[in-house]
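> Take a look at the following structure, please.
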Amino acid sequence: MSIEILLGNEAIALGLVEGGVRVATAYPGTPSSEILAAVRGWGERLGRDVYCEWSTNEKIAFEVALAASWAGLRSAVAMKQVGLNVASDPLFSSAYTGVRGGFVVIPADDPGPHSSQTEQDSRLLALSAKVPVFDPSTPAEARRMVETAFSISERFSTPVILRPTTRMCHALQSLSVPEPSTGLAAQIRSPRFQKDPSHWAATPRARHRLHVELNQKLKEIEAAFERDPLNRQDGPAGPAPLGVIASGVAHPAVQECLAQMGVQLPVLKLGTPYPLPRQLVKRFLDQVGLALVLEEPDACIELQIPDRSRVRGRLDGTVPAAGELAPEVVYAVVEEVLAAVGISPASSTSPATPLRVEALPLPARPPRLCPGCAHRSAFFALKREFGPQAIYTSDIGCYTLGMNLRAVDTFLDMGAGITLADGLYKANKVTGDHRPIVATIGDSTFLHSGVPSLINAVHTGARFVLVILDNHTTAMTGFQPTAASPIGVDGASHQVSLAGLARACGASFVETTSPYDHSAFRAVLRRAFDHTQADGGGVAVVVADWPCILDDPSPLREHPLPVEITQDCDGCRYCIEAFECPAIVLRSDGSRVDIDPVLCVDCGQCIDACYKGFIVPRFAEPAASIR
Amino acid sequence: MTGVLAPPETRIIVAGLGGQGVIFATRLIAQAAVRLGWPVVGSETHGMSQRGGSVLSHIKLAAAEAPLIRRGTADLLLAFERHEAVRALHYLRSGGVCVVNAEDGLGYDLKEALEQASITVHALPATPMAMAQGSAALVNVILIGFACALGALPIPEPALRATLAEGSAARREQNLRGFSAGADAAAKAPSAVERRDG
């Protein structure tokens, strides 16, 4: 036994491996991305045989793990919350069919949002799908909760959801880690797929019976949750003017807040927000004059309380209806509710420093494409070739940051970069709009759900340029392999060809080229555009092929091209606006730009970004080392 | 020594830009604390916000469960860039300490506000020091060495060195040299240190 610092996601993974998970799948997405690699790491370290897979998308990840459960193995699938939308079809259906081996679905929610397109609450999707939910507050609790999740899943033959949030996933906590030989979870009995058409192939008539069964299961699970120590009351017992009901990260946040205020209140901690242990909650509500519900990111517990006349939370506006429950927010809400019931905090409650930094003219620092990123080169070429008037649809990934170069006009969800181009081509025919349409999509996103979009566009005769930005990895989420990568999470994998896929989708123009070679890349873009205009033309696919420089800096190391700005630079800002490299910095007096030697990676890609020719190769001195 | 940051109950904010090694610094502090048997909780920034944008970590050396530090309650702000230091300044409590990588102070005409809040700023030009040692990536360990030697980071130096010595072999020597350079700067070059004791 040793004490180590674990990330919340690593603690979840440890719980899974300790709980005997045999098959773990995932599609990367912040804040869930570290779970799968950690499952593999713990499996190796603790001597457990776990099959791990980065699947092509979340629906596929869900189904692969579900099949393992049907074969009697404990299995788990991890994804970000919007990934559960993609996997919602098997989620809803498998609630009816049930499972055999314990099956834990881990959708990580992102209150804030920090790295997502929505603040949706996976617990509400679970409520709709009728799948029980576990809501961990800390890494330590998440690790312990996994075992209960597996056992509830097996006992009631149901998928279960373990729902962490960003602050849980990326929390750090010192935890004790077992040695390889210490007793881990028992193996599951007779794992082997057994045919059972009444469940695994249930027809609509049988589905009615399964729905009745599911409702009965939920009643029994609710009864089990009434007694489960994951739900417990802390603080003073007996009648109180105010009590707090909290789940997830909001629970430790409100406990710390009350301690800082020197206020003692009854606090009901709920680790299982659905199905809600209603008797437990009713008994709690009977003790308190008013109950404040703190949960993230939306109202799931609050929604399930039938009589909310003495309940304060997100639904009545006491708690903000958007945004995460940062400690400052919790503090303000608690202060307000305490005042409403006439309780004065014992300790001084105002923040200690009077500093107000929000008013200062601090530089805005939105995320940007890295220096040397090939996406920047591709976007720069697109803008030079098709101009500002073209319509640029794009997608989810690092390259969404192409909006800083004004080369991204839309992003909606995974795969929509292609489908929106397809749809706009059709809409523009109606509106008489002849602007060029250029779609961009990353390699992983194309494989995730761009392929059916491309099939639809080709089949229905749409015409646009599609640039697949192939950086050989899933970069934004931490360099996970894709189906087009030579190596998967569990060693070798069969490599899928992006260009071959595009041809198989029916695209009649498919060319692969490096965006690092500007003139060749632009020549291909021109031919691609001509194809979209030609008789018998259609969607033209360009695979922009260059590795992510963070993941694979070897081409830059082998062929560095240091640059300098000549004395002639007049500070016109063209390179700043059009190329937008963090390593090109405008002097504070605006007189000229300089290369930041700390940020510059000597890619030389900016040489074309000065149309006046003031960015030039620097040959005089030896190349600086790449950081 | 400031004497205000008695271990183990300390709240630390680490601020910087994506690529500056905020997470590495966070793990270094947390692992060194664990080596001493101290409980640790904290929070890291991952994902999109890591791409060159502001990155903020929270570390509590305390028997706590909540990962985030409320504004106005942090003891120490460790910042690898001065604008990010200013952006995170409101996390500090009255009497807190800011250790920042900067040529001279924070800028922004904050003198009066800092005095009012009794916040001490220690500035060290860590970027040129790091470049002189061959890599801008050393700013984080230089600043941690500096904060440690100042007594602003209440973790004994041997625990930090031992944690660095266990790190990846490729960077071990360089990191330890950077740490020493930061520690030496605190001892040898008091002129590099700006103090605003309240």
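The values are calculated or read from the model by the stated rules, or taken from the named source; none is laboratory data. Computed from a prediction, not measured in an experiment: that's the story for all the values here. Neighbour counts run over all protein chains shown; Cβ positions are idealised from the backbone, glycine included. All accessible areas refer to the heavy atoms of the entire protein, side chains included, with ligands and DNA or RNA removed. Shrake-Rupley method; radii C 1.70, N 1.55, O 1.52, S 1.80 Å.
> Give the long-range amide H neighbours of A:Thr410: residues separated by 5 or more places, or on another chain, with amide H under 5 Å away, using H modelled in the peptide plane at 1.01 Å from N.
Amide H neighbours of A:Thr410: A:Ser394.
> OK, next. Using a 1.4 angstrom probe and counting only protein chains, how large is the accessible area of B:His90 in Å², to 10?
The value for B:His90 is about 20 Å².
> Just need the relative contact order of chain A here, percent rounded to a whole number, with Cα pairs under 8 Å and 6+ apart.
Contact order relative to length: 10 percent.
> Take the residue pairs A:Lys383/A:Lys426; A:Lys59/A:Lys80; A:Lys383/A:Lys612; A:Lys80/A:Lys130; A:Lys59/A:Lys130 and return only those whose Cα atoms are more than 21 Å apart.
Violating the 21 Å Cα-Cα cut-off are A:Lys383/A:Lys426.
> Not counting ligands, DNA or RNA, and with a 1.4 Å probe, what is A:Leu218's accessible surface area in Å² rounded to the nearest 10?
Estimated to the nearest 10 Å², A:Leu218 gives 20 Å².
> Average partner chain C-beta neighbours within 10 Å, per residue of A:356-366? The partial results should precede the final answer.
Working: counts 3, 11, 2, 0, 10, 2, 6, 5, 2, 11, 6.
The mean count of partner-chain Cβ atoms within 10 Å per residue comes to 5.
> On the protein heavy atoms, probe 1.4 angstrom, tell me the percent of accessible surface of chain A carried by carbon and sulfur.
55
> Viscosity 1.306 mPa s, temperature 10 °C: give me the Stokes-Einstein translational D for region A:427-564 in µm²/s, with Rh taken as the Kirkwood radius over C-alpha pairs.
Translational D for this selection: 98 µm²/s.
> Taking the mean number of other Cβ atoms within 10 Å as a proxy for protection, how do you rank A:393-400, A:579-586, A:308-315, A:145-152 from highest to lowest?
Listed from highest to lowest mean packing, they are A:393-400, A:145-152, A:579-586, A:308-315.
> Still on this structure, I have one more. Using alpha carbon centroids, what distance separates region A:305-333 and region A:126-170, in Å?
First find each Cα centre; the distance between them is then 23 Å.
> Non-local amide H neighbours of A:Val510 (under 5 Å, H modeled in plane, Pro and chain starts lacking H): which ones?
Amide H to amide H, under 5 Å and 5 or more residues apart or across chains, A:Val510 pairs with A:Val541.
> Identify all lysines with a Cα-Cα distance to B:Lys111 below 28 Å; exclude those on the same chain that are fewer than 8 residues away in sequence.
Within the straight-line limit of under 28 Å, B:Lys111 reaches these lysines: B:Lys60, B:Lys188.
> Using Cα centres only, tell me the gap between region A:425-463 and region A:568-588 in whole Å.
Each part's Cα centre sits 34 Å from the other's.
> Separate question: Ignoring ligands and nucleic acids, what accessible area does B:Thr73 show with a 1.4 Å probe (Å², nearest 10)?
Surface accessible to solvent at B:Thr73 totals approximately 30 Å².
> Quick check: net charge around A:Phe529, other residues with Cβ under 14 Å of its Cβ, Lys/Arg +1 and Asp/Glu -1?
My count for the surroundings of A:Phe529 gives +4.
> Would you calculate, for chain B, the mean residue ellipticity at 222 nm contributed by helices, counting each DSSP H stretch of 4 or more residues as -39,500 (n - 2.57) and dividing by all residues, to the nearest 500?
Roughly -11500 deg cm²/dmol at 222 nm, from the helical runs in chain B.
> Percent antiparallel among DSSP beta bridges with both residues in chain A, to the nearest 5?
30
> Which Cα, out of B:His122, B:His83, B:Val141, lies furthest along the positive dipole direction of chain B (beta carbon charges, K/R +1, D/E -1)?
Selected residue: B:Val141.
> Shielding by partners for A:167-179, please: the mean number of other protein chain Cβ atoms within 10 Å of each residue's Cβ.
5
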